[in-house]
Structures are given as C-alpha cells and as structure tokens.
Amino acid sequence: LNFYRLIVPKMRIRKNGNIIVFGTSSAVYNRPYDGLLTASKTSLETWIKIIANEMSPNNIRANLISLSIVDTPNERDLFSKDDFLNWLQPTDIKEIVELLCYDSRMKFVNGTSIMLYNPSFMYLNERKENLQKRGARIFE
C-alpha cells in the first residue's frame, strides 16, 4: 500500500502507467498447509482487479503475475530434490514484464492475473519438510 500511495498519484498526473504486482500460484492451486498464504494471494488478485477498474480512466493498467518456484540459489537449497528444469528462470519473468510494459499490443491487458508456473513443480512431502525447516508447525 505504501507503493500505491507514493507512485499512483504521479501516474495519475502523467495519465500513464503500469502497475505489476507479483503473487504466487497459491491463489490457484490451494496446496495443503498454505491456507493463509492462499487467502492473502487470492485477495491480492481481487485488489488488482479493483485497482485496474479505478485507474483505467487515467490510462493506468494493473496486472498480477503469479509465479511458481523461481530458479534461485535460495530455492535450490530449500527444494534440493526437485527437478530444476521445470522451474521458472528470472529471464522468463523479465520477458513478461517487458511485454506488459512496452508492447503496444498489450495495452488492453488490464486487471488480469498472468500465471507463470508448472503445476507439477512441488511435491507435498518435500513441501512439508521444508516448511518444518523454516519453523512451521504442521498439524495433521
């Protein structure tokens, strides 16, 4: 919200802008043990739709990019048994952001959730192990 209060007034004056917010695939795939994360990411999707409707008269677009696991050193440590080939690369994210911001064909994409993920990327048992490593309590 701080970003919204700081940046959007300047976009309104310019009558132009792109708001891109990043979420996770949790809003679509309700994974076990991720209830609060799923609820927060689902509300983020709704908020982006509201922002898109409110800002469109000022030529400001708002979209959400939902990501699965991104190939970073930290994620490789956490999910060491996974197949890294199915993970998003940072360049994949860069390309979709550039497309949204600079390609004139995308000017009508507004209030949308763009999903960049492989739904088979996570295995439940490893997910539980990594949540427990992070200090989460799993109640079964």
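List of remarks:
- Any chance Gly135 is at pLDDT 75 or above and assigned to a loop (DSSP other than H, G, I, E, B): no
- Residues of region 1-16 satisfying the condition of being part of a helix (DSSP H, G or I) and within 23 Å of the chain's Cα centre (by Cα): Asn2, Phe3, Tyr4, Arg5, Leu6, Ile7, Val8, Met11
- For region 31-76, a residue qualifies if it is among the polar types (S, T, N, Q), in contact (Cβ under 8 Å) with a residue 40 or more places away in the chain and closer than 20 Å to Tyr4 by Cβ, and the qualifying residues are Asn53, Ser56, Asn58, Asn59, Asn63, Ser66.
- Some residue of region 71-80 being at pLDDT below 80, in contact with a Phe, Trp or Tyr (Cβ under 8 Å, 6 or more places away or on another chain), among the acidic types (Asp, Glu) and buried (at least 16 other Cβ atoms within 10 Å of the Cβ): no
- The C-beta contact set for region 1-25 (first residue without any contact (Cβ under 8 Å) to a residue 40 or more places away in the chain, second residue in a strand (DSSP E or B) and among the polar types (S, T, N, Q), distance under 9 angstrom, 6+ apart or interchain) is empty.
- Neighbours by Cβ (under 7 Å, 6+ apart or cross-chain): first from region 105-116, on the phi > 0 side of the Ramachandran plot; second of a type outside the set (Val, Ile, Thr) and open to solvent by 40 Å² or more (accessible area, probe 1.4 Å): Gly111/Lys49; Gly111/Asn53
- Residue count, region 30-89 (criterion: closer than 29 Å to Asn16 by Cβ and among the aromatic types (Phe, Trp, Tyr)): 1
- Of all residues assigned to region 25-45, none qualifies as being under 25 Å from Ser104 (Cβ atoms) and not charged (D, E, K, R).
The values are calculated or read from the model by the stated rules, or taken from the named source; none is laboratory data. Note that the structure is a prediction, hence the values are computed from the model and not measured. Because the Cβ atoms are built from the backbone with ideal geometry, glycine has one as well, and the counts that use them run over all protein chains shown. Please note that ligands, DNA and RNA were not included when accessible areas were found on the heavy atoms of the full protein model with its side chains. Shrake-Rupley method; radii C 1.70, N 1.55, O 1.52, S 1.80 Å.
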